[in-house]
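Presented below is the structure to which this report refers.
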Amino acid sequence: MQKKLSRKPILVTGVVRSGTTWMGRMIAAAPSVAYIHEPCYPSRRPGLCGAPFEKWYTYVSRDNEQDFYPGMKKTLQFRFNPGGQWHKIDSLRAVAGTAKVYVNFLRYRLFKTTALVKAPMLLFSAPWLAERFDMRVVLMIRHPAAVASSLKMLNGAIPVAGILSDISSQPLLMRDHLYPFEAEIKKLADPKQGILDQAALLWKLVYHVVLKYKEQHPNWIFVRYVDLSRDPLNVFRDVFRQLDLEFGDHEANQIGWYCAGEGLSNEEIQNPWSVRRNTAAQLSSWRTRLTKAETERVRSEVEEIAQHFYTDKDW
């Protein structure tokens, strides 16, 4: 008898640069799953979600859900929000892209496909999403030095100071989770502060909350990036199993092609956003990007939290 597949929606989240796109794309190798890329990215993708996600790492709970519930419900039902998209259309290419997403959503709805939302920005809202929409949560954990080195390399493409500022401007988030860090956040939200200190603080804030999640939600799936990089096929197989998704030759071949690093072009190797990767080569790339002093600086800032995920040998 064929296994009955779950249609509960999936959330893939984590700190920025933690491998969420990689994880989400690979899960979406399953034909029964459709990938939705960051519908809550601040002010960028109004067609994917009509909810007002105007801040980085917007926090949604029962206390403020009235503004977010309708839009998120429509997104998980693959109901496109054309009214919110029109003012973003400024070229024929944008028209074509919008039309493609609209048609894809219609097709996903028709075939009763499982929605997978890849969204680091929804990390603090994950408990609300799990409760209100019965979402299954996959949470990526990446080494703090790797995250810091990646953000340093991107040289401002991800505005860490702006993220910290948005976090501190959310009273509910500060009240429920991050009040111990209020003074530190306000200090490092200044764009003139160093990127490594800002990245270390962002990592610390996120995984301070993730430690709570691990205690409160043992049924969620927590994956360390380093474990995934060392053995992608078996880790993905286990993730598929926990999500009640079939894992056959098609899925294994897709994952192998994306993760083995064979035939990578120079453009793919140099592109920090590429999903195709040589996973083995990426394991310790941060060690060549950061000096020993920089690594020690990051560690000193995060050690109280990081020790729950990494040992001395991981540094």
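The values are calculated or read from the model by the stated rules, or taken from the named source; none is laboratory data. Quick caveat, the model's predicted, so the values are computed rather than measured. Heads up, the Cβs are rebuilt from the backbone with ideal geometry, glycines too, and the neighbour counts pull from every protein chain shown.
Scanning for something in a helix (DSSP H, G or I) and surrounded by fewer than 22 Cβ atoms within 10 Å (Cβ to Cβ), does the range 140-149 turn up at least one residue? Looking for residues that are in a helix (DSSP H, G or I) and surrounded by fewer than 22 Cβ atoms within 10 Å (Cβ to Cβ), one finds none in the range 140-149, hence no. State which residue is modelled with the lowest pLDDT when the search covers only the range 54-80 and only residues that are closer than 30 Å to GLN254 by Cβ and surrounded by 19 or more Cβ atoms within 10 Å (Cβ to Cβ). Going through the qualifying residues, I end up with PHE80. Residues of the range 204-215 include none that is within 18 Å of ARG287 (Cα to Cα), aromatic (Phe, Trp, Tyr), under 15 Å from the mean Cα position of the chain (by Cα) and assigned to a helix (DSSP H, G or I). Within the option set VAL160, VAL137, being buried (at least 20 other Cβ atoms within 10 Å of the Cβ), within 30 Å of GLU296 (Cβ to Cβ) and in contact (Cβ under 8 Å) with a residue 40 or more places away in the chain holds for one residue only, VAL160.
Name the one entry in LEU122, LEU106 that is in a helix (DSSP H, G or I), within 13 Å of the chain's Cα centre (by Cα) and within 16 Å of LYS74 (Cβ to Cβ). Break it down stepwise before answering.
Numbers: LEU106 fails: within 13 Å of the chain's Cα centre (by Cα).
Answer to the selection: LEU122.
If we keep just the residues of the range 195-229 that are under 14 Å from SER149 (Cβ atoms) and among the aromatic types (Phe, Trp, Tyr), which is surrounded by the most Cβ atoms within 10 Å (Cβ to Cβ)? The residue in question is TRP203. Only one of the numbered conditions (1) aromatic (Phe, Trp, Tyr); (2) loosely packed, with under 15 Cβ neighbours inside 10 Å; (3) touching a residue at least 40 places away in the same chain (Cβ under 8 Å) is violated by TYR179, and that is (3). Restrict the check to the range 126-139 and report whether at least one residue is over 23 Å from ASP63 (Cα atoms), touching a Pro at 6+ places or on another chain (Cβ under 9 Å), part of a helix (DSSP H, G or I) and among the aromatic types (Phe, Trp, Tyr). Within the range 126-139, not a single residue is over 23 Å from ASP63 (Cα atoms), touching a Pro at 6+ places or on another chain (Cβ under 9 Å), part of a helix (DSSP H, G or I) and among the aromatic types (Phe, Trp, Tyr). In this structure, SER150 does not satisfy being hydroxyl-bearing (Ser, Thr, Tyr) and over 15 Å from the mean Cα position of the chain (by Cα).
Find the residue count for the range 224-238, including only residues that are in a helix (DSSP H, G or I) and either without any contact (Cβ under 8 Å) to a residue 12 or more places away in the chain or touching a strand residue (DSSP E or B) at 6+ places or on another chain (Cβ under 7 Å) (or both). Break it down stepwise before answering.
Our first condition is that a residue be in a helix (DSSP H, G or I); within the range 224-238, this holds for 225-230, 232-238.
From what is left, the residues that are either without any contact (Cβ under 8 Å) to a residue 12 or more places away in the chain or touching a strand residue (DSSP E or B) at 6+ places or on another chain (Cβ under 7 Å) (or both) are 225, 227, 234-235, 238.
Residues flagged as in a helix (DSSP H, G or I) and either without any contact (Cβ under 8 Å) to a residue 12 or more places away in the chain or touching a strand residue (DSSP E or B) at 6+ places or on another chain (Cβ under 7 Å) (or both) within the range 224-238 amount to 5.
Take the residues in the range 95-128 that are among the basic types (Lys, Arg) and farther than 30 Å from HIS177 by Cβ, then tell me which one is modelled with the lowest pLDDT. In this case the residue turns out to be LYS100. Output the residue which, of all residues in the range 276-315 that are at pLDDT 95 or above and among the β-branched types (Val, Ile, Thr), is surrounded by the most Cβ atoms within 10 Å (Cβ to Cβ). Filtering first and then ranking leaves VAL298.
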